[in-house]
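The values are calculated or read from the model by the stated rules, or taken from the named source; none is laboratory data. Small disclaimer: the values here were computed from a predicted structure and weren't measured. Positions of Cβ are backbone-derived with ideal geometry, glycine not excepted, and every protein chain shown enters the neighbour counts.
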């Protein structure tokens, strides 16, 4: 608690000191950074033993042995980056422990030649989050335990519930202190690929109210991150054409362009063509949903040819149940066709042809 109060005080001090905010990277700087990385390929990663962000990072369930084993499998595929989610409750309840475990994770990932794109806020899936023991997976249900951050309702370190909409000032102050502290701590760490500030802002909301909560918070987190001015790029990925002006804002304020699409190849190509005029390096930070027609065989070669980073959702089948599709729960251990993920829990491939293709595309990046 004392660390949280300290960083809240520092955040308020910095916000009032009148310092000049860093500017968005120039296109030239962004391309120079991107060219230094080689072609990026990897996954949105959570270990198979964790159902959500809290279970991945909390002291009692942090699982370095599984992380080391699974990132070793990723290294064998030729992957060189992972996109990994955090959660502010981890910082609120155990700031020093979170930083220590982030360092341990980064040591493991770097030993496998893998850099990390960390994600802060998230508008997807469950509204309520509470530190401590996490729920068990629901059979056949996609991402049954994944957590929004901050969500409408969250539980503070003392267990008291807060309504986001009714306590905006308090939660924004916490988020500001959290984001500034974590980025400041790792701002010059070359194990970190970049900072993905907000995953799918507006997700899970009424389409007519997309901007009501998320847009102001999106603007805030970019402002907080710019004040720190890390050596790594800042971004937030566009993901829905219905977001209109928020999409434009994200594209005009990100150092590098990131985007999500689970659409088949022709729609994916159209999105690429739409984003090219922004004149920035691009990374697709979510793709590959087999039942949606987004597959490694159709999408990954195009991303390689276009020099667009390729980060698919999921590495190892596990407690998130993302082998099942979004809205089609099934009472079975495994669906006829996997939705996400590449490997079974023992490291064997779901589809050997996919493994062969992935390795053929990443072999020059090893």
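Quick notes on this one:
- Of all residue pairs spaced 6 or more apart or on separate chains, those with beta-carbon atoms under 7 Å, a first member in segment 21-37 that is touching a residue at least 60 places away in the same chain (Cβ under 8 Å) and at negative phi and a second member that is surrounded by 12 or more Cβ atoms within 10 Å (Cβ to Cβ) and in a helix (DSSP H, G or I) are 21/223; 21/226; 21/227; 22/226; 24/253.
- Test result for residue 100, without any contact (Cβ under 8 Å) to a residue 60 or more places away in the chain, more than 18 Å from the chain's Cα centre (by Cα), within 22 Å of residue 348 (Cα to Cα) and part of a helix (DSSP H, G or I): no
- Residues satisfying the stated conditions in segment 339-354, i.e. under 18 Å from residue 79 (Cβ atoms), surrounded by 14 or more Cβ atoms within 10 Å (Cβ to Cβ) and in contact with a helix residue (DSSP H, G or I) (Cβ under 7 Å, 6 or more places away or on another chain): 342, 343, 349, 354
- Pairs with Cβ under 9 Å, 6+ apart, first in segment 65-78 and at positive phi and touching a residue at least 12 places away in the same chain (Cβ under 8 Å), second buried (at least 19 other Cβ atoms within 10 Å of the Cβ) and not in a helix (DSSP H, G or I): 78/41
- Here residue 300 meets the list (1) more than 20 Å from residue 81 (Cα to Cα); (2) part of a helix (DSSP H, G or I) almost entirely, failing just condition (1).
So that you can scan it fast, the table gives a plain yes or no per residue for (1) touching a helix residue (DSSP H, G or I) at 6+ places or on another chain (Cβ under 9 Å); (2) buried (at least 22 other Cβ atoms within 10 Å of the Cβ); (3) at pLDDT below 90; (4) closer than 21 Å to residue 283 by Cβ:
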{"residue": "179", "(1), (2), (3), (4)": "yes, yes, no, yes"}
{"residue": "183", "(1), (2), (3), (4)": "yes, yes, no, yes"}
{"residue": "195", "(1), (2), (3), (4)": "yes, yes, no, yes"}
{"residue": "201", "(1), (2), (3), (4)": "yes, yes, no, yes"}
{"residue": "206", "(1), (2), (3), (4)": "yes, no, yes, no"}
{"residue": "209", "(1), (2), (3), (4)": "no, no, yes, no"}
{"residue": "215", "(1), (2), (3), (4)": "yes, no, no, no"}
{"residue": "220", "(1), (2), (3), (4)": "yes, no, no, no"}
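- Residue check for residue 111: over 17 Å from the mean Cα position of the chain (by Cα), at pLDDT below 95 and on the phi < 0 side of the Ramachandran plot: no
- The residue of segment 44-74 that is surrounded by the most Cβ atoms within 10 Å (Cβ to Cβ), among those that are outside any helix (DSSP H, G or I) and over 17 Å from the mean Cα position of the chain (by Cα), is 58.
- Single residue of 310, 325 found to be modelled with pLDDT of 95 or more and assigned to a strand (DSSP E or B): 310
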